[in-house]
Structures are given as C-alpha cells and as structure tokens.
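Report on one structure; see the data block that follows.
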Amino acid sequence: MSSPGATANPLNALAPRRKTKKKHFVQQKVEVFRGCDPVLSVLMWGVNHSINDLSHVPAPVMLLPDDFKASTKIKVSNHLFNKEKLPGQFKFKDYCPQVFRNLREHFGIEDQDYQVSLARSPPLKYEEGQGTKLLLTSYDHTLVIKEISSEEVEGMHNILSEYHQHIVTCHGSTLLPQFLAMYRVSVESEDTYLLVMRNMFSHRLHVHRKYDLKGSLVSRGASFKEKFLVRMRIMEYSLLLGIHDVERAEREEEEEEMESSYEEEEEDENSLAPAPRPTSPEGIGGYMNSFKPMGPGEFDPYVDVYAIQSAVGAPQGEVYFMGLIDVLTQYDTKKKAAHAAKAVKHGAGAEISTVHPEQYAKRFREFTTKIFA
C-alpha cells in the first residue's frame with residue numbers, strides 16, 4: 001500500500017525524480033472516439049490515451065512529493081485524420097496521474113473499468129445539471145464529470161496530499177467525494193477543467209427524493225464536521241442525501257411490466273413472426289451481464305458504496321445514499337471579504353455560508369445531528 005507523498009522518507013533521496021512529460025503528436029493513427037461535442041471528444045480521447053499510457057508504467061512503490069505536482073501534457077495537430085469527430089487541434093492535460101491511479105486503486109476501481117466507463121460511449125448530461133458549467137455522468141452512470149474553475153484546480157492541489165493520506169488511512173471508506181482524476185481540455189484556445197468522481201447515487205436504483213444539506217440558513221439549506229475539512233480550511237461543503245423508496249419502485253416496476261406486456265400483445269397481433277428482442281447493453285466495466293438480476297431496493301455494495309439499507313423492521317423500506325460534496329472551497333481572502341459583505345447585509349448573527357471553517361463545521365455538525373436524531 002502506498003504511503004502519502006507528503007511523508008518524508010530517506011528513500012526519497014535515492015529514488016529517481018520523475019519530470020513532467022510533454023508530448024507532441026502530429027497525426028493520430030487510431031480512431032477511438034464517438035463524441036459529437038469537441039470537448040467531450042477530446043476528453044474521451046485523452047482518457048483513453050492516458051490510461052493506455054499508464055498501463056505500460058509500473059505503479060511506484062511509494063508516491064513522492066513530485067507526484068503531487070506532476071502532470072502529463074499532450075498537444076495534437078489532427079488536420080489529416082478523423083476530422084469529423086475531433087477538432088483540428090487540441091491539448092489534453094492529466095493532473096497527478098500516479099496519485100489518482102493510486103486513489104482509484106484504494107477505491108477498488110480498476111483502470112480498465114474506469115476507461116470503459118468514460119471512453120466507450122459519450123458522457124450524458126446529468127439530470128441535476130444547471131447553469132453554464134458542464135455536469136455529466138458516464139454512460140453507465142457510475143461516474144460524474146464536473147467542470148470546475150482554475151481556482152478549484154489549485155484548491156485540489158492544496159489538499160491532494162492530505163486527502164490521499166486520509167483515504168489510505170481509512171482504506172477508501174469515507175463520506176468524502178471519491179476523486180478519481182482531474183483533466184484540462186483545451187479546444188480553440190479555451191481551457192475546460194474537469195474533475196471525475198464516483199457517482200454518489202446508484203447506477204441502477206432510482207433516487208426518488210434528493211436533499212442538499214448545507215451549513216447555512218441564508219438563501220441555503222442547512223449542515224457535519226470532519227476534522228480533515230477544518231484543518232484544510234474547507235467550507236461551504238454539503239451533505240448530499242438521496243432516498244430510494246422500495247415500495248414505490250416495486251409499483252413502478254409492476255406498471256412497466258404491464259405496459260411492456262401490453263406492447264408485446266400488440267406486436268403479436270400486428271406481425272406473424274415478431275423480431276427477436278435485443279439483449280441488454282453492457283453495464284459497468286462490461287461485466288454487468290455476469291450479475292444476477294436485482295430487484296427494487298437491491299444493490300451491489302462494491303459499486304454503490306454510498307448506499308445504506310434501512311433497518312430491518314423499519315416502517316418503510318428505503319435505501320439511503322449519503323456523501324459530502326463541494327469540498328474544494330477554501331477560506332481565503334475572497335471568502336473573508338464575502339463574509340464581511342454578507343454580514344453587513346444580513347447582520348452579524350446571520351447563518352451565512354462564508355464563515356470561518358471552524359464555525360461552519362460546528363454549525364454543520366449541529367444541524368445534521370438534529371435532522372438525524
């Protein structure tokens with residue numbers, strides 16, 4: 001198991017230093033994509049290329065401090081090949097590839113399955129996506145791809161070493177987001193920063209109710225405390241809660257079966273030899289077909305890691321999905337200024353979000369304790 005990169009070790013002085021790799025490709029020889037949006041096309045191409053590159057590099061015995069600053073950059077001039085699916089020129093940057101590979105390993109995600117989820121079919125628009133920034137899910141709904149700002153990229157670099165140490169210590173079991181990769185896609189001189197995470201909601205169970213519980217009562221919802229977040233001066237995080245109603249899902253399944261049966265009867269009446277029905281598509285990492293069918297309320301704990309079954313004998317059968325989100329906002333000079341402005345507008349005692357991390361964490365813990373009591 002790899003040690004965190006921030007830990008001093010005498011072996012570090014003996015180990016070879018890995019420098020940032022910068023590659024230039026004049027022409028691509030293998031067609032690998034199906035995306036129509038240029039940014040998504042480059043993302044799919046980049047993920048495919050990056051994972052293939054990593055597969056030829058042995059994982060280091062331990063991560064070094066330089067691994068938490070490293071990146072690989074690829075610049076492609078693509079004028080003669082696959083122009084209908086890729087832009088004429090583009091760049092792709094993979095941040096801290098060895099660190100994120102190690103994190104995926106601790107989260108139990110094979111690189112090949114990760115690659116299939118992101119590069120086999122184009123990502124889909126996430127149903128909760130709003131505003132101008134991208135919020136996507138992989139075609140198999142196991143991963144979320146979120147567009148972030150350059151400031152959030154810096155924030156990730158600031159916490160990555162301690163985040164990695166925390167994940168190693170807790171053996172990948174955490175309510176924090178499972179960060180799996182971070183990329184920069186450059187098309188037509190515009191940079192798009194993308195963060196890939198495990199989807200906190202189920203890849204197959206419908207989430208009937210969703211709540212975003214924040215640490216603020218002014219134009220927000222409500223609040224939990226992790227010493228890790230306080231120490232890193234993190235604030236404005238939320239507890240994301242989704243609820244799958246088992247009885248409701250059973251009714252919905254019965255209605256779908258009745259509707260499907262009715263459609264089959266109509267097909268039989270209108271044709272002498274009905275066409276064979278297609279087989280189900282591949283699921284997560286191409287191995288979903290090997291699983292036995294699961295009914296309402298059933299889930300695979302190795303995939304839906306944020307899922308919690310309601311207690312035996314509970315008045316209502318439910319599955320809960322819980323995790324912390326938005327953990328990249330740090331209490332810096334801008335946040336201090338925002339706190340001062342909001343305090344003037346709402347009053348010094350108002351429950352606003354731009355407060356000191358310790359105060360935010362205390363409020364968050366008190367609120368979640370109250371709602372789950």
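The values are calculated or read from the model by the stated rules, or taken from the named source; none is laboratory data. Just so it is clear, the model here is predicted, and its values are computed rather than measured. Counting neighbours? That spans all protein chains shown, and the Cβs are built from the backbone with ideal geometry, glycine included. Ligands, DNA and RNA are stripped out before the accessible areas are found, and what is left, the full protein with its side chains, is counted by its heavy atoms. Shrake-Rupley method; radii C 1.70, N 1.55, O 1.52, S 1.80 Å.
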LYS85 more than 22 Å from the chain's Cα centre (by Cα), crowded, with 16+ Cβ neighbours inside 10 Å and closer than 26 Å to SER138 by Cα: yes
Total residues in region 134-170, condition hydrophobic (A, V, I, L, M, F, W, C) and under 13 Å from the mean Cα position of the chain (by Cα): 7
Residue that is nearest to ASP111 (Cα to Cα), among those in region 189-207 that are open to solvent by 20 Å² or more (accessible area, probe 1.4 Å) and at pLDDT below 90: HIS203
